[in-house]
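Notes for the one structure printed next.
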Amino acid sequence: MDENKHYQYGIKSTLAQCWAISGVWFLQLELGAQTMISTIVIGTLENNTSKDANEFLSITSDEASWFASLLYLFTPVGNILSLPLLDRFGHKKCMILTNIPSIIAQIMLYFAENVEILYVSSILMALALGFSNAPSLAYAGEVCEPKLRGALTSALNIFFYAGSIILTTMYSITMQWRLTVLLITVFPILTIAILLTTPDSPMWLLAKGKHSKAHRNLSRLRGKVSYEKCENEFQEMIRYNSNSNNDEPTSSTCRHNFMDHKESTIAWKHFFEPEVIRPFCLMTIYFFFMNLLSGLSLLPYLVSILHKFGAPVNIEWTISFSMALSIVGSSMAVFLIYKLGKRFLTLFTLSICSVCYIAIGLIGVYWKNAEPTTSWIVLVLFLTTILISSVGITPVSWTLVTEIFPAK
């Protein structure tokens, strides 16, 4: 579809699209909180450093490493599990399903009595994280009007970091990780409630041959306008969907007889076509550098890292402050992404973050004597990387992935 196409819709259309994508926003709120759970659990339980007198559970450094690693090791498994279900059930139902393991994992964490339960809960959260990626990003990209898509999908990061700051702030106040984890179960419950009220993606409905329902949902997503007013966009969706599936049988009778036998073969064949391989390679590079320079891989050990460098501040509140900086950066990205362009923001943030991390590494290796001075410098450099990465490379990555892949 033409990304530069502007259709003549009013404020009602914008509000309707904001409501439709709010389910994805709340899902990101939930995922942001879950990503930070390992940070507070490891910071509290590793080597029995809990400030809660009633806490009986402790974990070793090796156990903490496994608990943190499982969250990332099983995320790709969740991605793979979403593949066969996404096309069959659609984006909305898959987003609802992903909340079930999240709720179970958080309840298990609250009642955890040994490290094995911590491991299982980490695996369940990883599966939920991975399972949610494809349906949420595809839904966000398909329900939004082209002129609003960049801004609305850029806001995904704001909600992701908002979930992180809510979790870390609650923990800074309560200083009880179990209570904090239990309280955030409200996120998946709210997410399910919102998703039940939002419409299915018109593009997915068209792919399933449900033209009348697709037209009706598009009308809802554009502020309940008349069918005539959204007819041009609907016809463009039909043409785009037809082009995306032009290698499939066109006869409806033949299609139904042929689809069961060929559907999986055709779907896997698409992955090796040039229009999929090229954006896939680009996004692989983007996400590699995003994870490398945004500090995401450091989150589980953030408390230990700040203690190691002797940060002269309250660690718990500093983590909350760093998440607040991420929200500021993500908010800036919503407005800057079209002013400065994706390429400039990417290269700018990569350069700044690279310099900061190189400086932190050099200080950690060669400059160990002036501890008060170095601890402040390291803290400022680290907070700078958090802010700058949330302005550029992180939101650009998630925005691009909703735009550059073909609908099929």
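The values are calculated or read from the model by the stated rules, or taken from the named source; none is laboratory data. Remember, predicted model here, so these are calculated numbers, not experimental data. So basically every Cβ, Gly included, is an ideal-geometry build from the backbone, and we count neighbours across all protein chains shown. Side chains are part of the model used for accessible areas, which takes the heavy atoms of the whole protein and leaves out ligands, DNA and RNA. Shrake-Rupley method; radii C 1.70, N 1.55, O 1.52, S 1.80 Å.
Side notes on the structure shown:
- Entries in K210/K269; K208/K269; K210/K342 that, when Cα-Cα distance is taken, lie over 26 Å: K210/K342
- Other residues within the sphere of radius under 14 Å centred on the Cβ of F89, judged by their own Cβ, net out at +3 (K and R +1, D and E -1).
- Segments 13-23, 189-199 sorted - mean Cβ within 10 Å per residue, highest first: 13-23, 189-199
- Summing Lys and Arg as +1 and Asp and Glu as -1 over all other residues whose Cβ lies under 15 Å from the Cβ of L124 gives a net charge of -2.
- On full extension, the segment bounded by N114 and F280 gains 55.7 nm, given 0.36 nm per residue less the C-alpha separation.
- Gain in span if fully extended, I100 to S351, counting 0.36 nm per residue against the direct Cα distance: 86.4 nm
- Based on protein heavy atoms only, region 28-162 ends up with 37 Å² per residue of surface accessible to a 1.4 Å probe.
- Between K269 and S61, the FRET efficiency estimated from the beta carbon spacing at R0 = 60 angstrom works out to 0.80.
- Amide H partners (placed H, <5 Å) of S201, local residues excluded: H91, K92
- Long-range HN-HN contacts of E46 with modeled amide H, under 5 Å: I59
- When nucleic acids and ligands are ignored and a 1.4 Å probe is applied, L29 ends up with an accessible area of around 20 Å².
- Global geometry of region 69-174, whether rounded, prolate or oblate, following the gyration tensor of its Cα atoms and the 1.5 cut on a/c: oblate
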